[in-house]
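Q: Here it is, the structure in full.
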């Protein structure tokens, strides 16, 4: 056999051995589903449209960028990360300090989605924190919150109170705020504070403690009687319990009772003339909510006319989401209860000052 043929055979054996070794040592990279959440460090609210750049550490010690992502409407991104790897996450958002975080996927679940949290500190933040003294039965149901309004801009922020009674939020230096502690069944406690400008000098996040005690509250639910009240031209009132089911034009049970009471009041005082403004929350499009308000108004109008109320006594005005009554405008993340507050029927008195609140 010639040397050339022997040489080719030897090379073939070497290559075959190399391929076998590579095949034996090769292990496919395992990916694990991972959710990364971004929150405000001072109030734990989830942050939308925060940018996260993820870099993976390579075997040579250098880091390779695998992508930049933006948090969704619940303040999260969903990615697949390699198992037993090390990453650095650079998180940025306007008006927040950039955060660089290290993340390891060693030992995490291979089958279930893993969750990691990142906290960003807001800029231009005068921290307000403290503790509210309330019964555990109320705090655990999240039935209490702080309503904080800037007396200059009139902006309102509803601040969550945690099960421990603690709360966290931000204000701005030199601004004055009205703080209302709202608890269902208790008398609201209102206070006004001004955040001193001098505390902001050379401080990133000055702190003010606002510990609210239980003494301003009564120990039992205060019932406001639905006694007769007279309304003059120009008065405005939200009709109590006249609420609809979700994003529909169907009234809830208590809504039917409230509409029945409105009919009786208009029947009893035929000289009374009112406008009924139909409001919705900001969820879904502006056009959708205007149409929904019109449908709800048509439902109320049909009911009153069939009951014999004269058309001249009332006018339906479909407002939709034009007049949001709290902070829950488009793009603001709110609870279902906060959105529910905006689904209301507001009565404006055009003529007369008769009783609309008399109870059966």
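The values are calculated or read from the model by the stated rules, or taken from the named source; none is laboratory data. Just so you know, these numbers come straight off a predicted model, no measurement behind them. Note that we place each Cβ from the backbone using ideal geometry, even for glycine, and neighbour counts take in every protein chain shown.
Q: Going through the stretch 31-44 one residue at a time, which ones are over 15 Å from residue 87 (Cβ atoms) and surrounded by fewer than 16 Cβ atoms within 10 Å (Cβ to Cβ)?
A: 44
Q: Name every residue in the stretch 232-262 that is over 26 Å from the mean Cα position of the chain (by Cα) and part of a loop (DSSP other than H, G, I, E, B), in order of residue number.
A: Of everything in the stretch 232-262, those that are over 26 Å from the mean Cα position of the chain (by Cα) and part of a loop (DSSP other than H, G, I, E, B) turn out to be 232, 233, 234, 235.
Q: Additional query: How many of the residues making up the stretch 264-291 are under 12 Å from residue 248 (Cα atoms) and either in contact with a strand residue (DSSP E or B) (Cβ under 7 Å, 6 or more places away or on another chain) or not assigned by TED's automatic domain parsing to the domain that holds residue 333 (or both)?
A: Qualifying residue count for the region: 2.
Q: Further, regarding this structure: Quick check on my filter: what residues within the stretch 82-91 are touching a residue at least 40 places away in the same chain (Cβ under 8 Å) and buried (at least 16 other Cβ atoms within 10 Å of the Cβ)?
A: Scanning the stretch 82-91 gives 89, 91.
Q: Hey, can you tell me all the residues within the stretch 52-81 that are surrounded by 15 or more Cβ atoms within 10 Å (Cβ to Cβ) and either assigned to a strand (DSSP E or B) or not assigned by TED's automatic domain parsing to the domain that holds residue 39 (or both)?
A: Scanning the stretch 52-81 gives 52, 53, 54, 55, 56, 57, 66, 69, 76, 77, 79, 81.
Q: Here is a follow-up. Looking at residue 222, is it in the same structural domain as residue 336 (by TED's automatic domain parsing) and either at pLDDT below 85 or under 24 Å from the mean Cα position of the chain (by Cα) (or both)?
A: no
Q: Another question about this same structure. Can you tell me which residue in the stretch 122-137 is nearest to the chain's Cα centre (by Cα), limited to those that are surrounded by 18 or more Cβ atoms within 10 Å (Cβ to Cβ) and modelled with pLDDT under 80?
A: Step by step, filter the stretch 122-137, then rank; the result is 132.
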